[in-house]
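Q: There's a structure below that I have some questions on.
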Amino acid sequence: MGVRILFLSSEVAPYSKTGGLGDVSGALPAVLAKRGHEVVVVTPRYATVPTEGLSLRGTLWLHFPFGAQWAEVWEVRAGNLRTLFIRQPAYFDRGGFYAEGGVEYTDNHRRFAFFSMAALSAAQMLGLCPQVIHLNEWQTCLAALALKRGYESTPLGQAKTLLSIHNLAYQGIFPSWAVEELGLPWELFSPDGFEFWGQLSFLKTGLVFADALSTVSRRYAQEIQTPEYGFGLEGILQKRAGVLRGILNGIDSKLWNPATDVFLPARYSREDMSGKEVCSEALLERFGLSSAPKRPPIFGMVSRMVEQKGIELILGAIPGLVEAGARVIIIGTGEGRFEGALREMAQRFPQQVGVFIGFDETLSHCVEAGSDFFMMPSKFEPCGLNQLYSLRYGAIPVVRAVGGLEDSIIDAGVEGGEQTSTGIKFGEFSLEAFEGALRRALGLFKKPKLLLGMRKRAMGKDFSWEHAAKEYEALYESLLGAGEDATSAGR
Ligand code: ADP
Ligand code: GLC
């Protein structure tokens, strides 16, 4: 059965991306459309969105207590996938998506209330009649409330809503005066509504008002119901556990394929790995790192530079890795304190540590291909896509056993692990535990046969979107009452 889906996201690759949300929103709707569903994606038109191929579908006006504002609706079609862009230059034509120079925009509540409402108005203007409205992250959450309060007697209001949580650390919390500014109902400013410790929470609005919830791995779906990972929302998540499901993200296996990847200096596959060595040498050269006297083990990382990603453990572990003769190559952007500390590491060890601060798609592929090991010592990780790319590129993931990292990587330590392992995992979030895992990686590098075996197993894993798409399909259908009951599905 084909489902009519309206998919809202504040970033959609290749038009906009700060992290995995962009990848997911660029890939999942396309796969669903290919599988016969009618999918319409709605996203802001940022300065990064090219004008070619877009056509104007109409202009609408939105009225908020803070003022009236127009939005143009632009569209691009690819097969039966339609993408709508909401254009309002004052909000979206800026230097960043959510922040600039490390400082969040002060009107993000207005920008994303505007986006959410404009997305619904655009759907109405174009006569769309979605059965499922799939929301992503806090930026889209006010739509869940609007559909229940305001749209309930319209065709759009009959759609079921699914909210996908990609990262509970980002909640869209604003001072209480934002309730007034956005014209939200004050009676919902309570613990059972959108109030969160005296403030307005966009994410909580979605958690309360969406018909179903999902997150991006099974493990994370469990974790967020505990105080350790719940960011204060564990109570409401426990309450809604019956409609919460974990679906592991997939990867775009065309874009991330070492056998065809145009970003790489050489291509390779499980059958012929010789190109990987070319990629490793090129990567060392790109960063001016020495490979004398013999080719050293290369530890890579591509990441947002934020607390979540365990950068403090990376910083702590670098001197030991250098001491052991390894090379470390890191690319990323984020908090200034982490960027600065990593730059210092590169200055301290110019022959052994390479750091690039910035966002560079090509380089991110080259790091996956050139690395022997890929580090993700995350404090928490809802899913993580880089470890999945690493598997595909034969860069053995060294990961902390949390969230999607726990669900996607098999450690040699488990029963039968010698034949099934695809990576190295550690448990406790401590330098000691991480260094233990790195020592295992260094040991593995000295056993080329074992390493090659693990690489080939990793590269043979199939994490393509088809699997996840089927799970979303089942979830949509259960929401529409066609399949099993949404409240018991997947639990
Ligand atoms: P998160 O969404 O928490 O940032 P994921 O592992 O799910 O983590 O996804 C991160 C995505 O962003 C990957 O596609 C990764 O390659 C990309 N990425 C992160 N930082 C950079 C960077 N500096 N340059 C290029 N790509 C990056
Ligand atoms: C978030 C998470 C990451 C996940 C991505 C896409 O940014 O931090 O783990 O893979 O969203 O769902």
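Q: Just name one of His467, Leu438, Gly427: the one whose Cα is farthest towards the positive end of the charge dipole of region 426-475 (beta-carbon charges, Lys/Arg +1, Asp/Glu -1).
A: Most positive-ward Cα: Leu438.
Q: Quote the charge dipole size of region 7-94 about the Cα centre in Debye, to the nearest 20; the model charges only the Cβ of Lys and Arg (+1) and of Asp and Glu (-1).
A: For this selection, approximately 140 debye.
Q: Using a simple charge model, +1 on the beta-carbon of Lys and Arg, -1 on the beta-carbon of Asp and Glu, nothing else, what dipole does the chain show about its Cα centre, in debye to the nearest 20?
A: 1020 debye
Q: Rounding to the nearest 20 debye, state how big the charge dipole of region 197-277 is about its Cα centre with +1 on each Lys and Arg Cβ and -1 on each Asp and Glu Cβ.
A: So the dipole magnitude of region 197-277 works out to roughly 280 debye.
Q: Could you list the square roots of 5 times each eigenvalue of the Cα gyration tensor of region 242-287, that is, the equivalent ellipsoid semi-axes, sorted largest first and rounded to whole Å?
A: Equivalent ellipsoid of region 242-287: 32, 13, 9 Å, largest first.
Q: Distance in nm between label sites at Thr51 and Ser269, each 7 Å beyond Cα in the beta-carbon direction?
A: 4.3 nm
Q: D for region 136-233, whole µm²/s, Stokes-Einstein with Kirkwood Rh over alpha-carbon pairs at 10 °C and 1.306 mPa s: what number?
A: D, rounded to a whole number, is 114 µm²/s.
Q: Kindly provide the helix-only [θ] at 222 nm of the chain, computed as the sum of -39,500 (n - 2.57) over DSSP H runs of four or more divided by all residues, to the nearest 500 deg cm²/dmol?
A: Rounded to the nearest 500, it is -10500 deg cm²/dmol.
Q: Just name one of Gly96, Ser121, Trp138: the one whose Cα is farthest towards the positive end of the charge dipole of region 64-141 (beta-carbon charges, Lys/Arg +1, Asp/Glu -1).
A: Toward the positive end, the furthest listed residue is Ser121.
Q: Right, next: When DSSP beta bridges are limited to those with both residues in the chain, what percentage is antiparallel, rounded to the nearest 5?
A: Here the antiparallel bridges make up roughly 30 percent for the chain.
Q: Taking all pairs of distinct Cα atoms, average 1/r, flip it, and tell me the Kirkwood hydrodynamic radius of region 333-461 in Å to one decimal place.
A: With all distinct Cα pairs of region 333-461 included, I get 15.4 Å.
Q: In Å and from the alpha-carbon atoms only, list the Rg and Dmax of region 248-398.
A: Spelled out, the Cα radius of gyration and Dmax of region 248-398 are 14.5, 43 Å.
Q: Three principal axis extents, largest first, for the C-alpha atoms of region 101-151, in Å?
A: 40, 17, 17
Q: Name the shape class, rounded, prolate or oblate, that the alpha-carbon gyration tensor gives for region 1-58, where a ≥ b ≥ c are the square roots of its eigenvalues, rounded holds for a/c under 1.5, and otherwise prolate holds if a/b is larger than b/c and oblate otherwise.
A: oblate
Q: Sticking with this one: What residue among Leu363, Ser274, Ala458 has its Cα farthest toward the positive end of the dipole of the chain, where the charges are +1 on Lys, Arg and -1 on Asp, Glu, each on the Cβ?
A: Ser274
Q: Using a simple spin-label model with points 7 Å from Cα along the Cα→Cβ vector, what separation in nm is obtained for Ala241 and Asn80?
A: 3.8 nm
Q: Then there is this: Kindly provide the pair-distance distribution of region 281-320 built from C-alpha pairs, with 10 Å bins from 0 and whole-percent values in order of increasing distance.
A: Once binned at 10 Å, the Cα pair distances of region 281-320 give 23, 44, 30, 4.
Q: Continuing with this model, one more query. Roughly what would the spin-label model give for Ala282 and Thr106, points 7 Å off Cα along C-beta, in nm?
A: Taking the two extended label points, one gets 4.7 nm.
Q: Same structure, new question: Which of the GluC sites (Glu not before Pro) found in region 132-229 are loop residues per DSSP with 14 or fewer other Cβ atoms within 10 Å of their Cβ?
A: Passing both the DSSP loop test and the Cβ count: Glu152, Glu228.
Q: What whole-number volume per residue, in cubic angstrom, does the convex hull of the C-alpha atoms of the chain give?
A: Convex hull volume per residue, Cα atoms: 145 Å³.
Q: Then there's this: Looking at the P(r) of region 49-184, how many percent of alpha-carbon pairs lie beyond 28 Å?
A: The proportion of pairs with Cα distances above 28 Å equals 16 percent.
Q: Further question on the same structure: Check each of the chymotrypsin sites (Phe, Trp or Tyr not before Pro) in region 336-369 and keep only those in coil by DSSP with at most 10 other C-beta atoms within 10 angstrom; list them in order.
A: none
Q: Further, regarding this structure: Multiply the residue gap between Thr18 and Ala90 by 0.36 nm, knock off their C-alpha separation, and tell me the result in nm, one decimal place.
A: So the extension gain works out to 23.9 nm.
Q: Calculate, for Arg4 and Gln124, the FRET efficiency according to 1/(1 + (r/R0)^6) with r their C-beta to C-beta distance and R0 22 Å; round to the nearest 0.05.
A: Plugging the Cβ-Cβ distance into 1/(1 + (r/R0)^6) gives 0.95.
Q: How large, in percent, is the carbon and sulfur part of the accessible surface of the chain at a probe radius of 1.4 Å?
A: 53 percent
Q: Taking every alpha carbon pair in region 186-225, what does the distance histogram look like in 5 angstrom bins from 0, in percent?
A: Each 5 Å bin holds this share of Cα pairs: 6, 24, 22, 20, 17, 9, 3, 0.
Q: Let me ask something additional. Fully extended, how many nm does the chain gain between Trp177 and Glu344 (0.36 nm per residue separation, minus their Cα-Cα distance)?
A: This chain segment gains 55.9 nm when fully extended.
Q: From Cα pairs below 8 angstrom and at least 6 apart in sequence, can you work out the relative contact order of the chain, rounded to a whole percent?
A: 12 percent
Q: Using the Kirkwood radius built from alpha carbon pairs, what does the Stokes-Einstein equation give as D for region 171-328 at 10 °C and 1.306 mPa s, in µm² per second?
A: The calculation lands on 78 µm²/s.
The values are calculated or read from the model by the stated rules, or taken from the named source; none is laboratory data. Source: prediction; values computed, not measured. Here the Cβ is made from the backbone with ideal geometry for all residues, glycine too, and neighbour counts use every protein chain on show. Only protein heavy atoms, including side chains, enter the accessible area calculation; ligands, DNA and RNA are left aside. Shrake-Rupley method; radii C 1.70, N 1.55, O 1.52, S 1.80 Å.
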